[in-house]
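A short write-up of the structure that comes next.
The values are calculated or read from the model by the stated rules, or taken from the named source; none is laboratory data. Source: prediction; values computed, not measured. In this analysis, Cβ positions are derived from the backbone assuming ideal geometry, glycine residues included, and neighbour counts consider all displayed protein chains. The accessibility values were calculated without ligands, DNA or RNA, using every heavy atom of the protein model including side chains. Shrake-Rupley method; radii C 1.70, N 1.55, O 1.52, S 1.80 Å.
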Amino acid sequence: MPPCWTPSGGIVLTYPVCEHKNMLRIRVLHGPNLNLLGTREQSIYGTLSLDALDSAITKLAEELAVTVDLRQSNSEGELVTWIQEARTGYDGIIINPAAYTHTSIAIRDAIAAVGLPTVEVHLSNIHQREEFRHRSYIAGVAIGQISGLGPTGYLLALRGLHDHLTASRRQKKTTAPAPSRRAAKGTR
């Protein structure tokens, strides 16, 4: 794959600028308080910043020839809007809804409505934490959930979603209906 890194604003690099016709497009959404990664409760969430996490995701996306759109918001409504917007132009979603995991029927419904394969990610193991964190409204509409593996969970989600989408594309190509023999021969 040709390099897609292009300087933007002098310092910031954005990936990818070039688009390939069949390149997978995945939206990665970080929920509330994830902008504080690296400084917030390091014993639970680690020392890696959100920028460093996004760089690792971008690097892997480049290796997989995937376009990623990385976004973070503390607002439930903005996350819902971004999920809805992904309906056109994206093949899948990776989301860490953070605290909204346990409270947001709106995010759950948006994911169900767009119908895109979605992987739910959590840096900490939500099932080993407080009881109220054990319930995920998102899990029922996601193709998978990765929890407790820290930043590696995002990379596993990207690999897993990439493999899922690639297999789905392959299956669609092989199960496309063949023209009827009669139509091909020109009879009837």
Which residue out of LEU79, LEU60 is open to solvent by less than 50 Å² (accessible area, probe 1.4 Å), farther than 16 Å from LEU29 by Cβ and not in a loop (DSSP other than H, G, I, E, B)? LEU60
Output the residues belonging to the range 37-50 that are exposed (fewer than 14 other Cβ atoms within 10 Å of the Cβ) and either in contact with a Leu (Cβ under 9 Å, 6 or more places away or on another chain) or among the hydrophobic types (A, V, I, L, M, F, W, C) (or both). ARG40, ILE44, THR47
Test for LEU48: is it more than 13 Å from the chain's Cα centre (by Cα) and over 21 Å from LEU24 (Cα atoms): yes
Does the range 116-138 contain any residue that is part of a loop (DSSP other than H, G, I, E, B), among the β-branched types (Val, Ile, Thr), modelled with pLDDT under 95 and open to solvent by 60 Å² or more (accessible area, probe 1.4 Å)? no
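Return yes or no: is TYR45 farther than 18 Å from HIS162 by Cα and in contact (Cβ under 8 Å) with a residue 60 or more places away in the chain?
Yes, satisfied.
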Exception for GLU85 within (1) touching a helix residue (DSSP H, G or I) at 6+ places or on another chain (Cβ under 8 Å); (2) more than 22 Å from SER147 (Cβ to Cβ); (3) open to solvent by 50 Å² or more (accessible area, probe 1.4 Å) falls at (1)
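Is it the case that THR101 is in a loop (DSSP other than H, G, I, E, B) and at pLDDT 90 or above?
Criteria not met by THR101.
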Number of positions in the range 139-166 that are part of a helix (DSSP H, G or I) and without any contact (Cβ under 8 Å) to a residue 60 or more places away in the chain: 8
